[in-house]
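The values are calculated or read from the model by the stated rules, or taken from the named source; none is laboratory data. Since this is a predicted model, take the numbers as computed values, not measurements. Cβ: placed from backbone, ideal geometry, glycine included. Neighbour counts: every protein chain shown.
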Amino acid sequence: MVKIFDITKWTIKEWVQTIGTRDKFFVENPNDEKLYFFKESIGKFPSEFWSEIIASKIGTLLGFNLLDYNIGIYKTTVGCICESMVEQKSQELEHGISLIKKAVKDFRVSERPLILFNDVEKSFIPYGNFIYQFIEMLIFDSIIGNQDRHSENWAIIRSIDVENLEYNNNRFLKWAYEKYKQSGLHLRNIPFKKYLLSTLKDAALVNIQFSKIYDSGSSLGREISESNINTYLTNDTELKKYIKKGQSEVKWENAKINHFELLKKLRPKFGTHISKVIENVISKYDADKIKKMIYSIDNELAANFQESRLSLERKDLIIKFIEFRITEIKLLLSENQD
Ligand SMILES: Nc1ncnc2c1ncn2[C@@H]1O[C@H](COP(=O)(O)OP(=O)(O)O)[C@@H](O)[C@H]1O
Ligand SMILES: [Mg+2]
C-alpha cells in the first residue's frame, strides 16, 4: 500500500519557506515530469513524517478525502512525499486564512491567528457545501488527534477551464490570458487577476473545490518521546487522559477545546451530517487492516535507513491511540442518537 520514491536524482523546483531547518520542497520526477512535494520531520519530532503517511492511509481506509502521502528518500534523509495538488498552468491553491480574511471584517492577523469555527463557516458562504467537507476534516482530525489544523492547513483549489477559454468572446480576457500563457507564468501571477477571475467565473470557466486533506502529521501522538511510550502503552488511564487533553486548533467562541467537544458544539446545526460521516467511518473501520498497515509501513525501507524506522512500541501506541479515538467517536454517535 505504501510506496517508496527515491528522489535524490529528481529536479528540485522550489524550496518552500521553512520553520527551523527541515527540508521541504517541490520536486519533479524527470521520467514523467510529475510534480511532487517532499518534507522531512522537524528535528524535535523525528517520527512526524510517519504520522503524515499513516494518517493519510488511515484516512483513506475510513473513507475521507486524503492526499496520498508515501515514503520519500532524499540523499540520506527519509521523509514523506505526495503529488502536487495543483496543476501548474490551470490551478491555484488558496489557503483558509485568505478566505477568512476576506469574509471577516475585523479579523486580526498574527503569527498564530485565532481561528473560530464561526469565522470558517462565514468564509465558506460563497462556496456552497464546503462547510460540510470542512466538518468531515474535523471528524478525521478527532480520529487522529491532529493538533495543528491551522488555517494554512486547509484550502480550496481553483481551476480554470483552459480548453474553453479561447472561445470566450471577451477580448480583454483573451488578451490577458494569452499574455499569461506566453510568459509561462503561474496562475497565481495572472495579470488583472481579480477582474479576470470574476469574469471567468461569470463565464462558468472557473471551478472551485475543497482540497484534499493535507498536512496531518502533527497527530497520532508524534510528540510523545520514545522513552515515554511505555507509560501510555501499559496504562490505559494515562492514554485516555492524554487523548482528552488533545485540543483542536479550530476554536469555539474564543476557546480551544477538545476535538470531541468541538463536534458536540456543532451538533445543533450539523448533527445529521456528523452522524452520517461517523456511521460511514464505523462501517469502514477494520481494526485488523489498520494494524497490518501500520506494522508493515516501513518494511521495504532499505537497511541503511534502519534508524528512520518506527519502533515496534510506537506502532503499538499508534494502533492503540486510534482504537481509543474510534471508541470516542462511537460514543459521540450514540449520544447523537439520544
Ligand atoms: N501536494 C501539494 N500540492 C500543492 N501544494 C502543497 C502540497 N503540499 C503542500 N503544499 C503547500 O505547501 C504548504 C506547506 O505544506 P505543509 O504540508 O502544510 O507543510 P508544513 O507542515 O510545513 O506546514 C501548504 O500550506 C500548501 O500551500
Ligand atoms: Mg502546513
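Quick check on this structure: which one of I156, I97, I135, I81 is more than 16 Å from ligand 1 (Cβ to nearest atom) and either touching a Phe, Trp or Tyr at 6+ places or on another chain (Cβ under 7 Å) or part of a helix (DSSP H, G or I) (or both)?
Residue meeting the stated conditions: I135.
How many of the residues making up segment 134-163 are touching a residue at least 24 places away in the same chain (Cβ under 8 Å), more than 13 Å from D215 (Cα to Cα) and surrounded by fewer than 20 Cβ atoms within 10 Å (Cβ to Cβ)?
Within segment 134-163, residues that are touching a residue at least 24 places away in the same chain (Cβ under 8 Å), more than 13 Å from D215 (Cα to Cα) and surrounded by fewer than 20 Cβ atoms within 10 Å (Cβ to Cβ) number 4.
Which ones in segment 208-255 are out of contact with any Cys (no Cβ under 8 Å at 6 or more places or on another chain), within 16 Å of ligand 1 (Cβ to nearest atom) and small (G, A, S)?
Within segment 208-255, S211, S216, S218, S219 qualify.
Among the residues of segment 42-60, is there at least one that is surrounded by 17 or more Cβ atoms within 10 Å (Cβ to Cβ), assigned to a strand (DSSP E or B) and not basic (K, R)?
The answer is no; no qualifying residue exists.
Would you be able to say whether some residue in segment 191-213 is of a type in the set (A, V, I, L, M, F, W, C) and modelled with pLDDT of 95 or more?
yes
Among the numbered conditions (1) near ligand 1 (Cβ under 10 Å from one of its atoms); (2) surrounded by 15 or more Cβ atoms within 10 Å (Cβ to Cβ); (3) of a type outside the set (S, T, Y); (4) closer than 20 Å to Q88 by Cα, tell me where V16 comes up short.
(2)
Considering each of K34, K44 in turn, give the residue that is out of contact with any helix residue (DSSP H, G or I) (no Cβ under 7 Å at 6 or more places or on another chain), more than 10 Å from ligand 1 (Cβ to nearest atom) and within 24 Å of E307 (Cα to Cα).
K44
Within the set of pairs 6+ apart or on separate chains, which have a first residue in segment 312-333 that is closer than 10 Å to L233 by Cα, a second that is of a type in the set (D, E), and C-beta atoms under 9 Å apart?
These pairs meet every condition: E313/E226; R314/E226; K320/D236.
What's the number of the only condition in (1) free of Cβ contacts under 8 Å to residues at least 24 places away in the same chain; (2) surrounded by 14 or more Cβ atoms within 10 Å (Cβ to Cβ); (3) touching a helix residue (DSSP H, G or I) at 6+ places or on another chain (Cβ under 7 Å) that E238 fails to meet?
Here E238 clears every test but (2).
Do you know which residues across segment 21-34 are surrounded by fewer than 18 Cβ atoms within 10 Å (Cβ to Cβ), away from ligand 2 (no atom under 13 Å from the Cβ) and not aromatic (F, W, Y)?
If the condition is that a residue be surrounded by fewer than 18 Cβ atoms within 10 Å (Cβ to Cβ), away from ligand 2 (no atom under 13 Å from the Cβ) and not aromatic (F, W, Y), then T21, D23, E28, N29, P30, N31, D32, E33, K34 are the ones that fit.
For segment 278-303, how many residues meet the condition of being assigned to a loop (DSSP other than H, G, I, E, B) and under 23 Å from the mean Cα position of the chain (by Cα)?
Within segment 278-303, residues that are assigned to a loop (DSSP other than H, G, I, E, B) and under 23 Å from the mean Cα position of the chain (by Cα) number 4.
Counting just the residues of segment 100-132 that are acidic (D, E) and touching a Phe, Trp or Tyr at 6+ places or on another chain (Cβ under 9 Å), which one comes out nearest to ligand 1 (Cβ to nearest atom)?
Looking at residues that are acidic (D, E) and touching a Phe, Trp or Tyr at 6+ places or on another chain (Cβ under 9 Å), I get D119.
Consider segment 77-117. How many of its residues are away from ligand 2 (no atom under 16 Å from the Cβ), free of Cβ contacts under 8 Å to residues at least 24 places away in the same chain and among the polar types (S, T, N, Q)?
1
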